[in-house]
Structure formats: C-alpha cells, structure tokens
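Encoded as structure tokens, the structure appears first; notes follow it.
The values are calculated or read from the model by the stated rules, or taken from the named source; none is laboratory data. In this text the structure is predicted, and so the values were computed from the model without any measurement. Because the Cβ atoms are built from the backbone with ideal geometry, glycine has one as well, and the counts that use them run over all protein chains shown.
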Ligand SMILES: Cc1cc2nc3c(=O)[nH]c(=O)nc-3n(C[C@H](O)[C@H](O)[C@H](O)COP(=O)(O)O)c2cc1C
C-alpha cells in the first residue's frame with residue numbers, strides 16, 4: 001500500500017505551497033484509493049530544535065556503528081539521559097522510513113527553505129538514516145523568479161540545497177514544482193510580472209496534477 005508523508009512549512013494559511021500540497025494529495029488519493037497519508041504542519045506543530053542531547057545521538061550513532069532503529073534503541077537504552085531526545089526523534093524517522101514518497105510544501109524564505117523545515121531535517125538526519133531510493137516531491141512558492149536565465153538564478157539556495165541534501169541521502173528521485181512571482185499581485189514594484197505569476201501558478205497546478213497521478217502509479221522519473 002502506497003504511503004505519503006506530507007509536510008507543510010509555510011507560515012501562512014493563505015499559502016500557495018499549502019494549496020499545491022492539498023491539490024497533490026487530492027489527485028494522489030484519486031489515483032491511489034488504498035494509499036495512506038501522514039501529515040504534519042511543521043509551523044503549527046513544530047519539531048523541537050536540535051539541542052545538545054540530539055547532537056549526541058548523531059555522535060553515538062557514529063561511535064557505535066549504528067545502522068538502524070533497533071541498534072539506536074540499544075545505544076539509547078545504555079544512555080538514559082538521551083531517552084527524551086530519542087523519543088522526540090524516533091517517531092519522525094519512523095514516519096520517513098514508512099513513506100514511499102515525501103511531499104514537501106517548501107516556500108522560498110531568504111533564498112533557502114523555512115526554518116521549520118530545516119529544523120525537521122536537522123532532527124531526523126542521523127548518519128544511518130535508511131531512506132535511500134525514496135521519492136521526493138517539493139512544492140515551492142517564491143515571491144520572485146529564479147529559473148534558468150533569470151537574474152536571480154544564482155540566488156536559488158532552495159532547490160539547490162534540497163537537491164544536495166537528498167542526494168547525500170541517496171535520494172535522486174526529486175521533483176520540484178515552483179509557483180513563482182507570488183509577490184506580483186500584492187507588491188507594486190512587481191506589478192509588471194502579474195501575467196507571469198498567473199501563468200506560473202496555472203502551470204504549477206497542471207504539473208502537480210500530472211505528477212500526483214504519476215507518483216501514485218509509482219513511476220516518477222528523476
Ligand atoms: C521570511 C520570508 C522570506 C522570504 N524570502 C523570499 C526570498 O528570498 N525570495 C523570494 O522570492 N520570496 C521570498 N519570500 C516570499 C515567499 O517566497 C512567497 O510569499 C511565497 O509565496 C511563500 O509561500 P506560501 O505562499 O506557501 O506561503 C519570503 C517570505 C517570507 C515570509
């Protein structure tokens with residue numbers, strides 16, 4: 001049975017990335033009647049930031065050659081002061097492992113990703129995280145435009161960062177959908193880009209629909 005882990009990271013409720021995510025899930029469920037979705041709103045229900053105990057989980061993983069949850073359980077059993085850090089981390093890792101596809105609502109914040117999502121990444125990423133070969137879909141919204149040939153292309157540390165991160169986890173099957181110029185309807189200095197904003201959003205919705213159907217069919221290509 002297919003399983004989706006859906007995380008939202010926009011601080012806004014009238015959010016484009018949230019809208020794209022809801023659309024993706026609706027189409028995915030249409031095509032995948034038996035599929036299940038685990039959802040977490042990383043803004044309304046934030047993951048605890050990394051603290052010293054969480055860092056020690058990473059260090060002990062390396063020192064003890066940990067490769068899976070059971071081995072980590074044993075290490076923590078011998079280090080009771082880390083029980084709380086592990087209790088805050090283990091369920092998130094389990095959710096990631098259980099998912100076939102990770103669906104991220106990830107707006108661009110200051111050329112990168114929201115801190116809420118970065119906090120989740122920092123919390124779940126242990127050296128042995130067994131998630132190679134999963135697929136990831138990133139639904140992004142950006143106030144401006146960062147595509148190939150644009151003046152701001154070199155400022156895109158959102159897609160480039162996430163691609164590098166997932167590649168390090170041996171996840172190469174990563175698809176991005178960007179709705180761009182979302183500031184154009186509200187910011188006078190971007191008024192000239194309102195048509196491009198509409199076109200970008202329409203294209204994003206179409207891509208999301210097609211992608212959701214493809215992911216449900218298990219045929220996402222990298
Ligand atoms: C804290 C913050 C930082 C932002 N930084 C950028 C940025 O660097 N580049 C950009 O194009 N838009 C930036 N924006 C605009 C958002 O990317 C844009 O509003 C987007 O639509 C937000 O996603 P959402 O609609 O899902 O909330 C920023 C917005 C916020 C709140």
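The figures follow:
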| item | result |
| --- | --- |
| Meets criteria (within 16 Å of the ligand (Cβ to nearest atom) and either in contact with a helix residue (DSSP H, G or I) (Cβ under 7 Å, 6 or more places away or on another chain) or modelled with pLDDT of 95 or more (or both)) for residue 98 | no |
| Breaking point among (1) touching a residue at least 24 places away in the same chain (Cβ under 8 Å); (2) within 16 Å of the ligand (Cβ to nearest atom); (3) not in a loop (DSSP other than H, G, I, E, B), for residue 62 | (2) |
| Options 53, 87: the member that is closer than 20 Å to residue 120 by Cβ and exposed (fewer than 12 other Cβ atoms within 10 Å of the Cβ) | 87 |
| Filtered residue count, the stretch 20-38, keeping only those that are assigned to a helix (DSSP H, G or I) and either touching a helix residue (DSSP H, G or I) at 6+ places or on another chain (Cβ under 8 Å) or more than 16 Å from the ligand (Cβ to nearest atom) (or both) | 10 |
| Residues of the stretch 110-151 satisfying the condition of being in contact with a strand residue (DSSP E or B) (Cβ under 7 Å, 6 or more places away or on another chain), part of a loop (DSSP other than H, G, I, E, B) and either over 19 Å from residue 172 (Cα atoms) or within 15 Å of the ligand (Cβ to nearest atom) (or both) | 142 |
| Boolean, residue 195 is buried (at least 18 other Cβ atoms within 10 Å of the Cβ) and either within 16 Å of residue 138 (Cβ to Cβ) or out of contact with any helix residue (DSSP H, G or I) (no Cβ under 6 Å at 6 or more places or on another chain) (or both) | no |
| Qualifying residue in the stretch 191-199 (condition: within 30 Å of residue 87 (Cβ to Cβ) and either within 12 Å of the ligand (Cβ to nearest atom) or assigned to a loop (DSSP other than H, G, I, E, B) (or both)) | no |
| Criterion violated by residue 46 - all others in (1) away from the ligand (no atom under 16 Å from the Cβ); (2) assigned to a loop (DSSP other than H, G, I, E, B); (3) surrounded by fewer than 18 Cβ atoms within 10 Å (Cβ to Cβ) satisfied | (1) |
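Matching residues to (1) modelled with pLDDT of 95 or more; (2) within 16 Å of the ligand (Cβ to nearest atom); (3) in a helix (DSSP H, G or I):
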site: 6; (1), (2), (3): yes, yes, no
site: 11; (1), (2), (3): yes, yes, no
site: 18; (1), (2), (3): yes, yes, yes
site: 70; (1), (2), (3): yes, no, yes
site: 73; (1), (2), (3): yes, no, yes
site: 83; (1), (2), (3): yes, no, yes
site: 87; (1), (2), (3): yes, no, yes
